[in-house]
Amino acid sequence: MMFKRKKKSSFEGSGLILFDKVEEAIGAEKILKGENYPVKLVAPPPTLRKGCDLAVEINLVEQMGIERLFEKKDILYLEILPLKGDGELLEIVKITDFKDAFMVKAGNMKLTFDKNTGVILNASGGGCPDIPYLHVRMVGKKLFEAPRPKEIGFTLCALMMDRALMECRELWKEGGN
Amino acid sequence: MLLISGTVPIKDLPLTRGAAKLEGEFLNIDGSRIPCTQGTAALISAALITAEYLKIDPPQALVVGDIGDGKKSRSLYEYLIKNISNLSPDVLALHYILPDIALMKKICEAVEGCPKKPIMIADASSMYVAKAAGLAAKFDIFTPDATEIAFLADPDATHPAYINKHLFETDVTRTPELLTTAYQLKGAARLLLVKGSIDYVVRDGNILETITEPNVPELEAIGGTGDTITGLVAAFADAELELHEAAIIAARANRMAGKYAQATPATRIRQIIAQFPAVFKKHLCEWSGACSVPSHS
């Protein structure tokens, strides 16, 4: 007699999606798997538990793409959190003045624009695979004509780039433009 | 042989492996033309130009098109897991690949099967996942910037977007403290080259060298200047320089190339890369103490 073991998922996530209801978690897992996101259903640790007793473990770096998918498909969820740490995304931005250009740093991303024209001169920092793609799509465009990383990117680096873009747009407006 | 692996922003590019060649502003890898822009393409270009100057074999590139959804990144991990022991590179540089903790663990396991353990270099997301997976000590070199050293010093963060805000706010003058913490928490590779207004070369927690000249602040704004440093380190390591020397020369060469290019915030990375041969011609002898380039067959 042979006993067949169910193959254990080797996926190791770093983030958690919390839901109000068990059926929402099960439905979300199915949607995510259908889009080829590596995920698994887990019981949230007591320190992170909110809502129901079931959560979906994700690769945290893919948070932004998952949030956009959920919005598109009207999937309800409570929160996305890292499995470790205080769970807060960096909100701080730092600005460097290069005389004719401002460089805005949000987390690990930096976006630089021309003070006189509002054209994005460069994007640097980060390390996720959508960053070279965003670089190609954004550099050389005016701040309000460039696509938002939140709309075409997928990762936490892209989310930080989006924050930098929003701050650049504010600075540009404050300059009387 | 130096093997560089990462993604490039060409959505439909299949997994492609071959010796890198430069064709104007493009890289040619096994017939695929890839623009020399920020990211892995910049790293490969810098390594290739260095290898050409040193008259060593060009780097082998293993790339795949991925615009961030990660689908092709996984094929790259799988290829490396399956083939790395046969490829058996002397130096393995891992770059822009969607972080996957389980797959990075498998790569590190597969590397153990190489006849000779390669010098392992990680930058960008490969560095993020190596740290998040608790594998930093398996790597010989990481090349973080000032924010990323705070990430390596944060015991909980799995991505720099989630580092503790107090660490993010840390003044650059406190980088040595972050370095100490990163090593204590086993978040650092054996050697770190920290890129910033002051570049630090650190081995096992000890600062070996700081580099501040020439001071070209605009380099921070230019997308790809971190990638080129990693490419330089990888090529010099492949040329059998001691790793700390490779890091020190890489940091100096990158700064000098910025000066030669008269860098502004609008400078493109290919303009920096184009300066490397002139920088090497003028300074490499003095910096390395090796004043002749061997002629290889």
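Laid out as a table, the results:
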{"read-out": "Pairs, first touching a residue at least 40 places away in the same chain (Cβ under 8 Å) in the range A:119-139, second part of a helix (DSSP H, G or I) and polar (S, T, N, Q), C-beta under 6 Å, six or more apart", "value": "A:Cys128/B:Ser125"}
{"read-out": "Residue among A:Ile131, A:Ile95 that alone is open to solvent by less than 20 Å² (accessible area, probe 1.4 Å) and either at pLDDT 95 or above or of a type in the set (Lys, Arg) (or both)", "value": "A:Ile131"}
{"read-out": "Sole residue being within 25 Å of A:Met109 (Cβ to Cβ) and touching a residue at least 60 places away in the same chain (Cβ under 8 Å), chosen from B:Leu80, B:Leu76", "value": "B:Leu76"}
{"read-out": "Candidate set: the range B:136-150, residues that are over 16 Å from B:His95 (Cβ atoms) and either open to solvent by 10 Å² or more (accessible area, probe 1.4 Å) or touching a Ser or Thr at 6+ places or on another chain (Cβ under 9 Å) (or both); chosen: the one farthest from the other protein chains (Cβ to nearest Cβ)", "value": "B:Ala137"}
{"read-out": "Answer from A:Lys50, A:Lys72 - the residue that is farther than 30 Å from B:Ala221 by Cα, without any contact (Cβ under 8 Å) to a residue 24 or more places away in the chain and more than 13 Å from every other protein chain (Cβ to nearest Cβ)", "value": "A:Lys72"}
{"read-out": "Unmet criterion (only one of (1) within 28 Å of B:Leu135 (Cβ to Cβ); (2) surrounded by fewer than 17 Cβ atoms within 10 Å (Cβ to Cβ); (3) away from chain A (no Cβ under 13 Å)) for B:Ala19", "value": "(1)"}
{"read-out": "Qualifying residues in the range A:142-157 (those that are among the charged types (D, E, K, R) and either assigned to a loop (DSSP other than H, G, I, E, B) or at the interface with chain B (Cβ under 8 Å from one of its Cβ atoms) (or both)) - the one most open to solvent (accessible area, probe 1.4 Å)", "value": "A:Glu145"}
{"read-out": "Residues (away from every other protein chain (no Cβ under 12 Å) and open to solvent by less than 30 Å² (accessible area, probe 1.4 Å)) located in the range A:158-167", "value": "A:Leu165"}
{"read-out": "Cβ pairs under 9 Å, 6+ apart, first in the range B:164-191 and within 11 Å of another protein chain (Cβ to nearest Cβ), second surrounded by fewer than 21 Cβ atoms within 10 Å (Cβ to Cβ) and outside any loop (DSSP other than H, G, I, E, B)", "value": "B:Leu167/B:Thr181; B:Phe168/A:Lys94; B:Glu169/A:Lys94"}
{"read-out": "From A:Met138, A:Met103, A:Met109, residue being within 7 Å of chain B (Cβ to nearest Cβ) and either buried (at least 23 other Cβ atoms within 10 Å of the Cβ) or over 30 Å from A:Pro45 (Cβ atoms) (or both)", "value": "A:Met103"}
{"read-out": "Selection within the range B:1-15 - at pLDDT 95 or above, open to solvent by 10 Å² or more (accessible area, probe 1.4 Å) and either away from every other protein chain (no Cβ under 14 Å) or farther than 17 Å from A:Ile131 by Cβ (or both)", "value": "B:Met1, B:Pro14, B:Leu15"}
{"read-out": "Matching entry among B:Glu209, B:Glu218, B:Glu245 (being in contact with a Pro (Cβ under 8 Å, 6 or more places away or on another chain), modelled with pLDDT of 95 or more and open to solvent by 40 Å² or more (accessible area, probe 1.4 Å))", "value": "B:Glu218"}
{"read-out": "All positions within the range B:65-115 that are within 14 Å of another protein chain (Cβ to nearest Cβ) and acidic (Asp, Glu)", "value": "B:Asp66, B:Asp69, B:Glu78, B:Asp100, B:Glu109"}
{"read-out": "Scan of the range B:160-189 for residues that are outside any helix (DSSP H, G or I) and crowded, with 20+ Cβ neighbours inside 10 Å, ordered by number", "value": "B:Ile163, B:Gly187, B:Ala188, B:Ala189"}
{"read-out": "Residue check, A:Asp86 over 30 Å from B:Ala122 (Cβ atoms) and over 13 Å from the mean Cα position of the chain (by Cα)", "value": "no"}
{"read-out": "Counted residues, the range B:249-260 - those being surrounded by fewer than 22 Cβ atoms within 10 Å (Cβ to Cβ) and within 22 Å of B:Ile34 (Cβ to Cβ)", "value": "0"}
{"read-out": "Verdict on B:Asp227 being within 26 Å of B:Pro176 (Cβ to Cβ), buried (at least 24 other Cβ atoms within 10 Å of the Cβ), of a type outside the set (A, V, I, L, M, F, W, C) and touching a residue at least 60 places away in the same chain (Cβ under 8 Å)", "value": "yes"}
{"read-out": "Selection within the range B:33-90 - part of a helix (DSSP H, G or I), open to solvent by less than 10 Å² (accessible area, probe 1.4 Å) and closer than 30 Å to A:Lys33 by Cβ", "value": "B:Thr40, B:Ser73, B:Leu76, B:Tyr77, B:Leu80, B:Ile84"}
{"read-out": "Residue list for the range B:116-132, filter: open to solvent by 10 Å² or more (accessible area, probe 1.4 Å), more than 7 Å from chain A (Cβ to nearest Cβ) and in a helix (DSSP H, G or I)", "value": "B:Lys131"}
{"read-out": "Matching residues, the range B:28-64, being farther than 17 Å from B:Pro277 by Cα, away from every other protein chain (no Cβ under 13 Å) and not charged (D, E, K, R)", "value": "B:Asn28, B:Ile29, B:Gly31, B:Ser32, B:Gln60, B:Ala61, B:Leu62"}
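Conditions (1) in contact (Cβ under 8 Å) with a residue 60 or more places away in the chain; (2) open to solvent by 80 Å² or more (accessible area, probe 1.4 Å); (3) away from chain B (no Cβ under 13 Å), marked per residue:
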{"site": "A:Pro45", "(1), (2), (3)": "no, no, yes"}
{"site": "A:Ala55", "(1), (2), (3)": "no, no, yes"}
{"site": "A:Gln63", "(1), (2), (3)": "yes, no, no"}
{"site": "A:Leu78", "(1), (2), (3)": "yes, yes, yes"}
{"site": "A:Lys99", "(1), (2), (3)": "no, yes, no"}
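The values are calculated or read from the model by the stated rules, or taken from the named source; none is laboratory data. The structure presented is a predicted model; accordingly, all values stated were derived computationally and were not measured. Every residue, glycine among them, receives a Cβ derived from its backbone with ideal geometry; neighbour counts consider all protein chains shown. SASA here: full protein model, heavy atoms, side chains in, ligands and nucleic acids out. Shrake-Rupley method; radii C 1.70, N 1.55, O 1.52, S 1.80 Å.
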